[in-house]
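The values are calculated or read from the model by the stated rules, or taken from the named source; none is laboratory data. What you see is a predicted model; the values in this text were computed from it and never measured. All Cβ positions, even for glycine, are placed from backbone atoms using ideal geometry, and neighbour counts span all protein chains on display. Surface accessibility is based on the protein's heavy atoms, side chains included, excluding ligands, DNA and RNA. Shrake-Rupley method; radii C 1.70, N 1.55, O 1.52, S 1.80 Å.
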Amino acid sequence: MWNVEEFARAAGVTVDELAAYVAESQSGVTPVIRRRPPGELAERLGLARWIREGRMTVEAYGEFLRGYLAEGTRMHHPAYLGHQIAAPDFPAALADFVHGATNNPMAVYEMGASAATVEFEVLRWMLGKVGFGEAGGGVLTHGGSLANLTALLAARAAAAPDAWTDGVPGDLALLAPASAHYSLSRAAAILGLGERAVMPLDVDGLGRVDVARLPAALERVREAGRRPMALVANACATGTGLYDDLRGIGEFCAESGVWFHVDGAHGASALLAAEHRHLLDGIELADSLIWDAHKMLRTSSLAAAVLTRREGDLDAAFQQRASYLFYGEQGFDLIGRTVECSKAELGLKIFLNLAWRGERGLGEHVARQYATAHRFWELAGERPGFECPYEPESNIVCFRYGTADPVDLRERLMADGAFQLTSAEIGGVRHLRVTVMAPATDDKTLEALLDRITELGGSEFRSPPSGR
């Protein structure tokens, strides 16, 4: 039996500690990241004892939570410039709290009518933004990797309708640039195509699909005795944040009868920002699209949308039988569109952020993060030794400092927890990579990072200013 009074007390402690944690993180007074070894951290938190003995009280929980929050990575910190994971807004956090208590696995409508209805409306809104309208279909999944897999299942069903029952034909191919997210080649393996079925598209020096060379790429596929299951474009690329020419690719796919899939996990949110919407020109030509809310829409992990231009294509992705689930009327069930059977109330997180901030507020957030990344590019270009291979189109910037090893420099930057950033390869050359996710990141943060890189790089790594 749930002790309601104890829950209320513990919930109050949780709210107070999390509020303090976010405020402290946004102020930037603590390290952005701590990486104690697991054994040391487990001992510090008393994990084995709690697992063995139990009997945690509200007071002990408060102490544990403070210790727990003091470790790990602070997404709200101004110096968080790492992976493409949101600093979640508080409405999304409230949705997680609600789901934690109600636990309505709403892929089956009777297990969560409110949650399912909210998801329907959120998807309707997303379909409208993309340009698919009433004819399109959608579902929310736990992350972009599952979303890409689901979209490619729909593409496979269109190319090989009997694959679900008879197995996957050996002649299918997936066309994708090397800059595509790793989940796409992994999905090809899971789908039974095999990684060798992923055939590369020609790209420019920054990894963007070369539209003029698409006919040659398609001819290579056919000469290899294969037929295209789908062609993938980035909006935007995970490594660089650069957008492919969606209209050019989409028109080619339409003329060639090739399924067009857009990985818009990170960059589709630019649809909400008037000054950046042009980057997604042609997205309405896609046959399928994924769009992660836990990146630029400030929801907590995970919440990703799979959207198809034709609703029936998504319904064809799966076939299922289970006498305890599939019988009678299932008109509102989403279970036939997802890998997951038990699916969290994902739509509530997106809905509450929209309800509090509105489309305009979320669009302003996207525009601000893109502008801050552009500001980093400007500041880096003014300093000797820094080289940026491109002007950013999103909130992602790649750069190098002199001849410094980016991997070594990154580790030294993160050693004291002052900054977190990542790295990526462009044309086979490794670069440092900044992803502006936290609203608290400002010019002061960017200048401090550049100062620290200059200090760590040392005079031996200095090079003359280089052009862009």
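Please enumerate the residues belonging to region 382-411 that are within 20 Å of Gln84 (Cβ to Cβ) and aromatic (Phe, Trp, Tyr).
If the condition is that a residue be within 20 Å of Gln84 (Cβ to Cβ) and aromatic (Phe, Trp, Tyr), then Tyr390, Phe399 are the ones that fit.
Given (1) of a type in the set (A, V, I, L, M); (2) open to solvent by 20 Å² or more (accessible area, probe 1.4 Å); (3) farther than 24 Å from Ala147 by Cβ, where does Leu218 come up short, assuming only one miss? The one condition Leu218 does not meet is (2). Pairs meeting the criteria (first residue in region 130-145 and among the aromatic types (Phe, Trp, Tyr), second residue surrounded by fewer than 23 Cβ atoms within 10 Å (Cβ to Cβ), beta carbons under 7 Å, at least 6 apart or on different chains) are Phe132/Glu284; Phe132/Arg309. One residue is enough: does region 439-460 have a residue meeting the conditions free of Cβ contacts under 8 Å to residues at least 40 places away in the same chain, of a type in the set (D, E, K, R) and under 25 Å from Gly267 (Cα atoms)? So far as region 439-460 goes, no, none of its residues is free of Cβ contacts under 8 Å to residues at least 40 places away in the same chain, of a type in the set (D, E, K, R) and under 25 Å from Gly267 (Cα atoms). Among the residues of region 227-257, those that are farther than 30 Å from Leu421 by Cα and either open to solvent by 10 Å² or more (accessible area, probe 1.4 Å) or basic (Lys, Arg) (or both) comprise Arg227, Pro228, Arg247, Gly248, Glu251, Phe252, Ala254, Glu255, Ser256, Gly257. Return yes when Asp96 is open to solvent by 10 Å² or more (accessible area, probe 1.4 Å) and in contact (Cβ under 8 Å) with a residue 24 or more places away in the chain and no when it is not. Yes; evaluated as a whole, the condition is true for this residue.
Only one of the numbered conditions (1) among the charged types (D, E, K, R); (2) on the phi > 0 side of the Ramachandran plot; (3) in contact (Cβ under 8 Å) with a residue 60 or more places away in the chain is violated by Arg55, and that is (3).
There is no residue in region 113-128 that is assigned to a loop (DSSP other than H, G, I, E, B) and surrounded by fewer than 23 Cβ atoms within 10 Å (Cβ to Cβ). Region 133-203 holds helices (runs of 4 or more DSSP H) entirely within its bounds, and those carrying 1 or more residues that are open to solvent by 50 Å² or more (accessible area, probe 1.4 Å) and closer than 15 Å to Asn234 by Cα map to 182-190.
In region 359-368, is there at least one residue being within 20 Å of Ile453 (Cα to Cα), in contact with a helix residue (DSSP H, G or I) (Cβ under 8 Å, 6 or more places away or on another chain) and among the β-branched types (Val, Ile, Thr)? No; the residues of region 359-368 include none that is within 20 Å of Ile453 (Cα to Cα), in contact with a helix residue (DSSP H, G or I) (Cβ under 8 Å, 6 or more places away or on another chain) and among the β-branched types (Val, Ile, Thr). Only a single criterion out of (1) open to solvent by less than 70 Å² (accessible area, probe 1.4 Å); (2) touching a Leu at 6+ places or on another chain (Cβ under 7 Å); (3) of a type outside the set (Val, Ile, Thr) is not satisfied by Tyr68, namely (1).
With respect to Arg227, is the statement that it is in contact (Cβ under 8 Å) with a residue 24 or more places away in the chain, of a type in the set (D, E, K, R) and touching an Asp or Glu at 6+ places or on another chain (Cβ under 8 Å) true? Here the answer is yes, as Arg227 does meet what is asked.
Filtering region 366-389 down to residues that are open to solvent by 20 Å² or more (accessible area, probe 1.4 Å) and touching a residue at least 40 places away in the same chain (Cβ under 8 Å), which residue is nearest to Ala274 (Cα to Cα)? Among those residues, the one meeting the criterion is Arg368.
Sort out which residues of region 395-429 are open to solvent by 40 Å² or more (accessible area, probe 1.4 Å), in contact with a strand residue (DSSP E or B) (Cβ under 7 Å, 6 or more places away or on another chain) and aliphatic (A, V, I, L, M), and write them in order of number. Listed by number, the list holds a single entry, Val407.
For region 390-425, filtering for residues that are of a type in the set (D, E, K, R) and closer than 23 Å to His76 by Cβ leaves 2. Screening Met56 against (1) more than 24 Å from Met296 (Cβ to Cβ); (2) open to solvent by 40 Å² or more (accessible area, probe 1.4 Å); (3) part of a helix (DSSP H, G or I); (4) not small (Gly, Ala, Ser) leaves a single unmet condition, (3).
Could you please let me know if Pro392 is without any contact (Cβ under 8 Å) to a residue 60 or more places away in the chain and open to solvent by less than 20 Å² (accessible area, probe 1.4 Å)?
So Pro392 fails the test.
Against the numbered list (1) open to solvent by less than 10 Å² (accessible area, probe 1.4 Å); (2) under 19 Å from the mean Cα position of the chain (by Cα), Leu348 comes up short only at (1). Condition check for Ala212 on (1) open to solvent by 60 Å² or more (accessible area, probe 1.4 Å); (2) in contact with a helix residue (DSSP H, G or I) (Cβ under 6 Å, 6 or more places away or on another chain); (3) farther than 26 Å from Arg433 by Cβ: one failure, at (2). Pairs are defined by a Cβ separation below 6 Å, a sequence spacing of at least 6 or placement on different chains, a first member in region 175-190 that is of a type in the set (S, T, N, Q), and a second member that is in a helix (DSSP H, G or I); the pairs so defined are Ser183/Ser145; Ser183/Asn148; Ser185/Glu195.
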